[in-house]
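Following: one structure in structure tokens, then a few remarks.
The values are calculated or read from the model by the stated rules, or taken from the named source; none is laboratory data. Here the structure is a predicted model, which is why all the values come from computation and not from measurement. Note that we place each Cβ from the backbone using ideal geometry, even for glycine, and neighbour counts take in every protein chain shown. Keep in mind that these areas ignore ligands, DNA and RNA; they rest on the heavy atoms of the full protein, side chains included. Shrake-Rupley method; radii C 1.70, N 1.55, O 1.52, S 1.80 Å.
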Amino acid sequence: MNRIQSLFGIRWPIVQAGMIWCSGWELASAVSNAGGLGVIGAGSMYPEVLRDQILKCQAATDRPFAVNVPLIYPAIEEHMQTIIERGVPIVFTSAGSPAKWTPLLQAKGIRVVHVVSSVKFALKAEAAGVVAIVAEGFEAGGHNGREETTTMCLVPAVADAVKIPVLAAGGIHDGRTTLAAFALGAEGVQIGSRFVATPEYFSHRAFKGRIVDAAEGETLLRLKDLTPVRLLDNPFSQQVAAAEEAGAGVDALRDLLGRGRAKKGMFEGDLTEGELEIGQVSGQIKFIQPAATIVEDLVAAYQGFTAGMEDPHFRW
Ligand code: NDP
């Protein structure tokens with residue numbers, strides 16, 4: 001058992017990323033029941049929705065699960081209050097400084113993990129007292145680092161820089177990529193895109209169908225001057241690219257983005273006008289599969305690769 005397994009109380013060091021408009025209680029409980037760590041993505045949920053999702057998740061699994069809260073979420077106090085009241089054991093934070101919330105949550109017995117895209121922020125998160133770090137490379141979908149550091153470069157750099165355990169994210173979806181992450185120094189993986197193409201969905205079926213159809217090179221990092229985000233190519237993404245090429249400033253890009261684009265694309269299934277946030281690995285996802293099958297296949301492949309390896313770092 002490695003540090004991630006014991007910290008989270010899970011069988012396999014596989015975490016499902018908490019993604020807006022994709023990961024509700026059905027996906028989170030399915031991943032937790034399969035032995036990984038399911039995560040509810042709270043960034044797209046109003047406070048009463050998150051409360052309901054946590055209750056449903058607790059009814060669907062006895063195993064640990066977590067909630068991901070982007071630190072720029074407007075009603076963050078209410079989300080954190082619900083998490084404390086409902087006894088959620090683990091919180092993943094992202095998109096902001098963990099200095100304020102980490103001590104408050106950990107004083108209540110909640111373990112906090114922070115998502116970063118650079119060594120600089122990994123060190124800040126460690127200093128803030130988080131128990132583990134997700135090092136998320138440029139391949140990942142959704143919000144992304146400005147520096148464009150890839151998983152291959154980021155994970156070993158973060159693993160060398162901090163003492164707490166590191167989970168690798170960005171481009172990981174199967175046994176091979178998990179083995180690579182462990183070779184880079186990770187003690188666990190966080191997987192997002194692969195879990196979007198599951199029946200335990202929250203996102204619209206048209207969005208999932210678009211992921212299964214996605215080809216190599218169809219995602220690009222957009223809105224770098226505003227909030228960098230990896231999007232699937234579609235008319236909206238092309239509109240953003242044209243504006244960026246024409247030299248649009250931050251205000252013009254904000255106007256073009258408007259409000260609720262991610263909801264339109266991922267939740268309502270508007271593949272033309274919506275934002276479709278997904279990782280580069282979408283080009284390799286060809287099937288919609290149950291979350292438990294994804295976990296079982298990954299574990300079987302990983303154990304096949306590592307059978308006979310003596311280094312305890314690789315043994316789960
Ligand atoms: P927008 O400002 O475009 O829209 C806000 C969306 O969030 C709306 O769809 C709204 O639903 C919903 N929402 C849920 N709770 C609230 C609330 N308390 N106040 C206002 N709106 C709320 O934001 P985005 O959709 O781009 O992002 C939403 C959140 O997700 C942000 O916190 C953002 O940081 C996070 N995010 C995280 C990403 C990641 O990769 N970690 C990627 C993208 C976003 P409704 O339309 O029903 O009002």
**OP:** Look at segment 200-232 and say how many of its residues are outside any helix (DSSP H, G or I), among the β-branched types (Val, Ile, Thr) and surrounded by fewer than 24 Cβ atoms within 10 Å (Cβ to Cβ).
**Re:** 2
Subject >> Cβ-Cβ under 7 Å pairs, at least 6 apart or on other chains, segment 91-108 side under 17 Å from Ala42 (Cα atoms) and among the aromatic types (Phe, Trp, Tyr), far side within 14 Å of the ligand (Cβ to nearest atom) and in a helix (DSSP H, G or I) >> reply: Trp101/Met80
**OP:** Check off (1) open to solvent by less than 20 Å² (accessible area, probe 1.4 Å); (2) assigned by TED's automatic domain parsing to the domain that holds Gly217 for Val299 and give me the number that stays unchecked.
**Re:** (2)
**OP:** Go through segment 171-199 residue by residue and tally those that are surrounded by 21 or more Cβ atoms within 10 Å (Cβ to Cβ) and closer than 28 Å to Glu268 by Cα.
**Re:** 12
Subject >> Any pair with Cβ under 9 angstrom, 6 or more apart, that starts in segment 25-51 at a residue that is on the phi > 0 side of the Ramachandran plot and ends at one that is away from the ligand (no atom under 16 Å from the Cβ) and part of a loop (DSSP other than H, G, I, E, B) >> reply: Gly35/Ile10; Gly35/Arg11; Gly35/Trp12; Gly35/Arg63
Subject >> Members of segment 247-267 that are touching a residue at least 60 places away in the same chain (Cβ under 8 Å), aliphatic (A, V, I, L, M) and either more than 8 Å from the ligand (Cβ to nearest atom) or surrounded by fewer than 17 Cβ atoms within 10 Å (Cβ to Cβ) (or both) >> reply: Met266
Original post:
If we scan segment 26-36, do we find a residue that is farther than 30 Å from Ala206 by Cβ and away from the ligand (no atom under 14 Å from the Cβ)?
Top reply: yes
